[in-house]
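*Asks:* Okay, here's the structure, questions in a sec.
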Amino acid sequence: MGYVRGLKKGDENMSEPLGLKAKLGLNVFKEDKERHIEIKAGFEKDPRLIRAVYVCPAGLYSLNDNGEVEFTIDGCLECGTCRIACGPEVLEWKYPTGGSGVQFRFG
Amino acid sequence: MDEKFDAIIVGGGLAGLASAYTLAQNGLEVLLLERGDYSGAKNVTGGRLYVSPVRDLFPDLWKKAPLERFIAHEEVAMLAGERSLTLRYSGNELANEPYQSYSILRAKFDRWFAKQAERKGAAIITKTKVDDLIIENGKVTGVLAAGDELKADVVIACDGAMSLISERMGIRSPGLPKDHAVGFKEIIELDPNVIEDRFGLADGEGAARLFMGEVTKGKFGGGFLYTNKESISLGMVVSIKDLMEDQDVTAPELMDNFKLRPEVAKLIRGGQTAEYSAHVIPEGGYKALSKLFADGLLVAGDAAGLALNIGVTVRGMEYALASGYYAAQAVIAAKEANDFTASKLSLYEKLLNDSFVIKDFKNFKEAPQVLDNPRFFNHYPEFVGNMMKDIYEIPAGSKDRLYPTMKKYMKFGELWAMLGDLRKVMKI
Amino acid sequence: MNIVVAMKQIPDLQQIRIRNRQPVFDDVPLTIGDIDKNALEAAVNLKEGTDANIIVLSAGNEDVEDTIKEALAAGADEAFLILDDDLEDAESSQIATILAAGLKKMDDVSLILFGEGSGDNYSGQVGSRVAELMDLPQVGYVSTIEVNGNVAKVTRSLEDVEEVIEVELPAVISVMAGINEPRIPSVTQILKAGKKPKEVLELDDIEIDLGAATIETNSNLAPESDRKKIVVKSVDELVEKLTAENLIGR
């Protein structure tokens, strides 16, 4: 998906690109005892899951070589977009335990 | 604990805090439960609060509120693939007090607002998630939070766009992609002097900028930029339905491409990203509003679907503040009558109907359908971009007359389609 | 019998960010150090089934009054606070003097618990200094505590050995990190915490001379992390490079 237009490499306006992982690394995350989002058993290959690959702003969902959607909870912004896109039939979705998860300093 | 509260509020965002503040001010026993480390820890905004509609609901609040900059200049840019057209609006009504709107950072504002509510007497407990409602004979009588049973006459669900609480009560179904957008943004730190120079701002002034067109690849939505005191809020709002159906670009890629647009890149040059946040935004409008009350339960803010996208503005915070305020008024009346049934609490809906909140939602009830039109996000930006290019371009040879150049664009098919779009836009 | 737990208010370390190699403390929420919480949890466990009373002792700026609620919710029965905005940057010897002065105002103290070091500076001095000022025995690196009458039997976990020591009370005991899982208070406990007794003194009330500061901080910079920026194309190459750096296969 190499969709970048409007600016050529080496342009003086281009600032150092910040990878998504590095960007998420700027946030405060407090560890939770359990994952607050799970793909429901039997739904790993559900076509609705693929939507999450496109909508998740933290890029936590990805498609592996077997056509399955893989998911990591690290860096979850708790925005709720995957629940809206895939639906609660596919995702077991709740908020993390109080005092854990992302803590925005600016918001 | 034997103690029973007059009201328990789920969620310390603007709706919840407005409720807690108002109830405590009127002497009611109120407990607010917030799952973040502090109020605001889980809350995200694009970045602008319109104070005007809610100024009088909280008259003592604004003087010391930690708002960032008042918005003195508005710009909207239509971005085509290789060019853009920008409109800039300034005016005395923006530059003079009372200021209409301010840039805002929620982690700062909400934390401060929570302190004000505590000073009024509200009990605010953070780091605590409400796991469930206590429902007896169909009536909400309290909440379960971290193993504790907490009782109250009324529970006010201010638990945000996902509102698992109203789902639990059965007064709302899980949100649908067509009624929701996702917003994501970066906080980019910059020296205040650089911000002021770069955006042409006097002391305290702020700028708001919108970007429509190529940045969303034709999807319903756009980019935004707000200047804060020492940072810039830069982000996008994009329809979840369009993102998941098109499957041509991911949300993080849209953000990266947005930052690389020359129109944007030069505004954030030299800045250091300090935070990346995201949130779902309800934008289904009037038709997608949730039921607002049940026996022992009220729903306010994003939880009720109270956010409105009318293209040039996406507003939610004023509606959250106002709905929290009116929910509190309904609870105060219910307490006086010692009646917390749905029929008594329906006063909340009446108050909202009579206020700017539901009036706005009715006025703009066609907006979601009208704006769900890819022509606004790919065709028109390219169209005006090309037109500007032909008007301004001085070619190597002779330049064509302007009228025939324009006429080239105004073909019958184009005019007919424009007319169709215009007729729809007239419903907004 | 009173068990005193000394606790220090510190910034929430996870919330501190680094900007131009300097820590940014603006708006960082305040909390109590993790090891101090272990000390409190140890006290709460000791209290169970006895009529002991747990007093949380702290010195710091005005915010402590709010921060200390966390300890009152997690099992302390009362708070004894010495507050002054000058104490925000006080050093170990000054804090020890103040805490000792506070302790002298209490009756029937049998045990004074500290965390081995504070959550922020971890200089690990205050416990020993208080013991010295109070002329009390002190045991450090403690992982378990049992109290039998007038004697505490404690385990010291040292690097290679475990020592079991009996010490006569009253005594100062410093516990190690992670010796227990501090309880997370319920909403009800947090609500009740606000109503527990608090004795708040100002520096003037304890009539001590803090003396001039003896420690000067010259620099407080985040370490520079210079990456080697080695790009590898295969696992074999990675293994080779790491071996060459003497990072694996030693």
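The values are calculated or read from the model by the stated rules, or taken from the named source; none is laboratory data. Given the structure is predicted, the values throughout are model-derived calculations rather than measurements. Heads up, the Cβs are rebuilt from the backbone with ideal geometry, glycines too, and the neighbour counts pull from every protein chain shown. The protein model used for the area step is the full one, side chains on, heavy atoms only, and it has no ligands, DNA or RNA in it. Shrake-Rupley method; radii C 1.70, N 1.55, O 1.52, S 1.80 Å.
*Asks:* Of the conditions (1) within 14 Å of chain A (Cβ to nearest Cβ); (2) among the hydrophobic types (A, V, I, L, M, F, W, C); (3) open to solvent by 10 Å² or more (accessible area, probe 1.4 Å); (4) over 21 Å from B:Glu3 (Cα atoms), B:Ala77 fails just one. Which one is it?
*Replies:* (3)
*Asks:* Quick one: count up the residues across the range A:74-107 that are more than 8 Å from chain B (Cβ to nearest Cβ), part of a loop (DSSP other than H, G, I, E, B) and either open to solvent by less than 10 Å² (accessible area, probe 1.4 Å) or within 16 Å of A:Lys33 (Cα to Cα) (or both).
*Replies:* Of the residues in that region, 5 qualify.
*Asks:* Does the range B:117-131 hold any residues that are open to solvent by 40 Å² or more (accessible area, probe 1.4 Å) and within 11 Å of chain A (Cβ to nearest Cβ), and which are they?
*Replies:* B:Thr126, B:Lys127, B:Asp131
*Asks:* Criterion first (farther than 21 Å from B:Asp179 by Cβ, surrounded by 22 or more Cβ atoms within 10 Å (Cβ to Cβ), among the hydroxyl-bearing types (Ser, Thr, Tyr) and within 11 Å of chain A (Cβ to nearest Cβ)) does B:Ser239 satisfy it?
*Replies:* Judged against the criteria, B:Ser239 is not a match.
*Asks:* Take B:Ile71 and tell me if it is within 14 Å of another protein chain (Cβ to nearest Cβ) and not in a loop (DSSP other than H, G, I, E, B).
*Replies:* Answer is no for this residue.
*Asks:* Sticking with this structure for a sec: Tell me the residue from C:Ile173, C:Ile248 that is modelled with pLDDT of 95 or more and surrounded by 10 or more Cβ atoms within 10 Å (Cβ to Cβ), please.
*Replies:* C:Ile173
*Asks:* Please find, within the range A:43-66, the residue that is nearest to the other protein chains (Cβ to nearest Cβ) out of those that are charged (D, E, K, R) and assigned to a loop (DSSP other than H, G, I, E, B).
*Replies:* A:Asp46
*Asks:* Among the numbered criteria (1) in contact with a strand residue (DSSP E or B) (Cβ under 8 Å, 6 or more places away or on another chain); (2) surrounded by fewer than 21 Cβ atoms within 10 Å (Cβ to Cβ), which single criterion is violated by C:Ser118?
*Replies:* That leaves (2) as the condition not met.
*Asks:* A follow-up question, please. Do we find that B:Val51 is under 19 Å from B:Ile104 (Cβ atoms), in contact with a strand residue (DSSP E or B) (Cβ under 7 Å, 6 or more places away or on another chain) and either touching a residue at least 24 places away in the same chain (Cβ under 8 Å) or open to solvent by 30 Å² or more (accessible area, probe 1.4 Å) (or both) in this structure?
*Replies:* Yes; evaluated as a whole, the condition is true for this residue.
*Asks:* Further, regarding this structure: With the requirement that a residue be more than 25 Å from B:Ala72 (Cβ to Cβ), touching an Asp or Glu at 6+ places or on another chain (Cβ under 8 Å) and in a strand (DSSP E or B), what does the range B:224-267 give you?
*Replies:* B:Ser239
*Asks:* May I pose another question? Open to solvent by 10 Å² or more (accessible area, probe 1.4 Å) and over 16 Å from C:Ile54 (Cα atoms): which single residue out of C:Ser157, C:Ser110 fits that description?
*Replies:* Criteria check complete, one pass: C:Ser157.
*Asks:* Please count how many residues of the range B:387-410 are more than 40 Å from the chain's Cα centre (by Cα), closer than 21 Å to B:Ser84 by Cα and open to solvent by less than 100 Å² (accessible area, probe 1.4 Å).
*Replies:* Adding up the residues that qualify gives 3.
*Asks:* Which condition does B:Gly270 not pass, out of (1) in a helix (DSSP H, G or I); (2) facing chain A (nearest Cβ under 8 Å); (3) open to solvent by 20 Å² or more (accessible area, probe 1.4 Å), if it passes all the others?
*Replies:* With respect to (1) in a helix (DSSP H, G or I); (2) facing chain A (nearest Cβ under 8 Å); (3) open to solvent by 20 Å² or more (accessible area, probe 1.4 Å), B:Gly270 is out only on (1).
*Asks:* Could you check the range B:273-300 and list, in sequence order, the residues that are surrounded by 23 or more Cβ atoms within 10 Å (Cβ to Cβ) and within 11 Å of another protein chain (Cβ to nearest Cβ)?
*Replies:* Once the filter is applied, which keeps residues that are surrounded by 23 or more Cβ atoms within 10 Å (Cβ to Cβ) and within 11 Å of another protein chain (Cβ to nearest Cβ), the range B:273-300 yields B:Glu275, B:Tyr276, B:Ser277, B:Ala278, B:His279, B:Val280, B:Ile281, B:Pro282.
*Asks:* Out of all the residues in the range B:347-358, is one or more over 24 Å from the mean Cα position of the chain (by Cα), closer than 30 Å to B:Ala24 by Cα and assigned to a helix (DSSP H, G or I)?
*Replies:* yes
*Asks:* Of all residues in the range B:149-178 being open to solvent by 30 Å² or more (accessible area, probe 1.4 Å) and farther than 28 Å from B:Asp339 by Cβ, which is nearest to the other protein chains (Cβ to nearest Cβ)?
*Replies:* B:Pro174
*Asks:* Shifting gears a bit: Looking at B:Phe258, is it surrounded by 22 or more Cβ atoms within 10 Å (Cβ to Cβ) and away from chain A (no Cβ under 14 Å)?
*Replies:* no
*Asks:* Just to be sure I understand, how many residues within the range B:95-106 are of a type in the set (A, V, I, L, M) and surrounded by fewer than 18 Cβ atoms within 10 Å (Cβ to Cβ)?
*Replies:* Result for the range B:95-106: 1.
*Asks:* Would you tally the residues in the range B:182-223 being farther than 25 Å from B:Glu68 by Cα and crowded, with 23+ Cβ neighbours inside 10 Å?
*Replies:* Residues in the range B:182-223 being farther than 25 Å from B:Glu68 by Cα and crowded, with 23+ Cβ neighbours inside 10 Å: 6 in total.
*Asks:* Do we find that B:Gly324 is in contact (Cβ under 8 Å) with a residue 40 or more places away in the chain, outside any helix (DSSP H, G or I) and either away from chain A (no Cβ under 14 Å) or open to solvent by 10 Å² or more (accessible area, probe 1.4 Å) (or both) in this structure?
*Replies:* Against the criterion (in contact (Cβ under 8 Å) with a residue 40 or more places away in the chain, outside any helix (DSSP H, G or I) and either away from chain A (no Cβ under 14 Å) or open to solvent by 10 Å² or more (accessible area, probe 1.4 Å) (or both)), B:Gly324 does not qualify.
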